[in-house]
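Chemist: Before we start, here is the structure in question, set down as structure tokens.
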Amino acid sequence: MGRFYRNRDGPATGYHRPMAPTAPAPGAPALADDLLARLRAQANPANVAGMARYGISTVGTLGVTVAFLRQLAREVRRRKPDPAVRHAAAERLWRGGVHEGRVLATLVDVPALVTAAQAERWIRGVDSWDVCDQLCNNLLDASPVAWGLARAWPARQEEFVRRAGLVLLATRATHDEAATDAEFVALLPACEAVADDERNLVKKAVSWALRGMGKRSPGLRRAALASAARPARREEKGARWIAADVRRELEKPEVVARVEARAARAPPAANGSPPREGSRRPRRPGPGSRRARAAGAGHRRTP
């Protein structure tokens with residue numbers, strides 16, 4: 001049965017049946033190879049050293065800025081509107097062994113064509129937090145499999161798989177306007193279950209997920225604070241850090257006011273309506289936004 005979803009390439013287009021895997025579309029290898037060549041031409045070893053200071057893997061890394069990657073992705077969408085070509089080119093980019101090529105693949109690919117098998121294959125190859133987060137934010141969050149991955153991956157032991165699942169919980173909380181509070185309350189135990197994971201990238205993602213869910217509504221803010229506090233009663237330092245980080249953010253007066261104002265503006269939710277797979281609110285960041293500043297600064301964001 002098809003799903004109703006929205007992707008970054010246009011408005012919601014109704015119910016669609018999942019597309020069966022196809023052979024690489026004509027022109028995709030040439031497109032991917034051209035993009036990789038353009039990335040290599042922009043290599044900057046000085047940037048690689050700076051990225052390493054932020055915990056970004058230097059394996060296959062060229063030092064190309066995110067701003068340039070987004071510029072290339074925009075060009076691709078203008079030059080090659082055929083989704084099959086973009087999808088196949090993204091797969092080739094991902095397999096090309098270039099760090100920035102993988103980030104570009106998440107920008108070039110078509111969310112509507114992403115399958116659970118592809119997501120599993122790609123996440124297993126991730127070796128850096130920035131690729132993990134770009135994969136989730138740029139591609140998986142808007143895909144038909146977003147909710148299934150957000151529910152399943154936090155329970156996995158692999159560091160980047162677990163982080164990706166938690167990041168998707170955070171992005172779903174931000175972008176899925178159709179989801180009900182009950183849907184997110186049901187996922188709070190998944191965050192509590194891994195709050196004792198002392199790995200830095202995981203504990204930061206737990207906090208991110210709880211803070212994201214807590215900003216949706218007053219009820220979810222209270223539930224997220226309570227969820228963060230329960231594991232903190234144990235001895236693990238990571239759980240106590242998560243509780244403090246969530247409390248510090250969700251108890252800010254300006255955050256409380258923003259959540260209350262959002263609740264006042266929101267129309268009554270449809271009782272029992274399930275979240276739409278991959279639905280997300282279109283965003284266009286302003287020139288002074290955090291997202292725009294981060295893109296202009298390249299990869300210089302902490303996990």
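Chemist: Just to check, using Stokes-Einstein with a Kirkwood Rh over alpha carbon pairs, what's the diffusion coefficient of the stretch 23-128 at 4 °C and 1.567 mPa s in µm²/s?
Modeler: Translational D for this selection: 92 µm²/s.
Chemist: Using only the Cα atoms, work out Rg/Rh for the stretch 202-253, with Rh taken as the Kirkwood radius, to two decimals.
Modeler: Ratio of gyration radius to Kirkwood radius for the stretch 202-253: 0.95.
Chemist: Could you rank the peptides 173-184, 195-206, 225-236 by their average count of other C-beta atoms within 10 Å per residue, with the highest value first?
Modeler: Packing order, densest peptide first, comes out as 195-206, 173-184, 225-236.
Chemist: Further question: Determine the gain in length on full extension of the stretch ARG233-ALA49; use 0.36 nm per residue of separation and subtract their C-alpha separation, reporting nm with one decimal.
Modeler: 62.3 nm
Chemist: At what distance in nm do the modelled label points of ALA155 and ARG95 sit from each other, each positioned 7 Å from its Cα along Cα→Cβ?
Modeler: For ALA155 paired with ARG95, the spin-label model returns 3.1 nm.
Chemist: Computed over the Cα atoms of the stretch 95-202, what is the ratio Rg over Rh, Rh following Kirkwood?
Modeler: 0.96
Chemist: Further, regarding this structure: Using a Cα-Cα cut-off of under 18 Å, which aspartates and glutamates could be cross-linked to LYS203, ignoring same-chain neighbours fewer than 8 residues away?
Modeler: Cα-Cα hits under 18 Å: ASP127, ASP130, ASP133, GLU158, GLU159, GLU192, GLU235, GLU236, ASP245, GLU249.
Chemist: Let me ask something else. How long is the gain from GLU198 to ALA41 if the chain were fully straight, where each residue apart is worth 0.36 nm and the alpha carbon distance is subtracted?
Modeler: Answer, rounded to one decimal: 52.6 nm.
Chemist: Sticking with this structure for a sec: ALA244 versus ALA261, label points 7 Å from Cα toward the beta carbon: distance in nm?
Modeler: In this crude spin-label approximation the distance works out to 3.0 nm.
Chemist: For a footprinting-style exposure proxy, rank THR65, THR171 by other Cβ within 10 Å, fewest first.
Modeler: The most exposed by this proxy come first: THR65, THR171.
Chemist: Where q = 0.11, 0.15, 0.18 Å⁻¹, what log10 of I(q)/I(0) comes from the Debye formula for the stretch 167-271, counting one point per Cα?
Modeler: Debye output, listed in q order: -0.31, -0.56, -0.79.
Chemist: Counting other C-beta atoms within 10 Å, which of ARG258, ARG247, ARG70 has the fewest, and how do the rest follow?
Modeler: ARG258, ARG70, ARG247
Quick note: the coordinates plus some simple rules give every number you see, no bench work behind them. In this text, all values refer to a predicted model and were calculated from it rather than measured experimentally. Cβ sites come from the backbone with ideal geometry, for glycine too, and all protein chains shown count toward neighbours.
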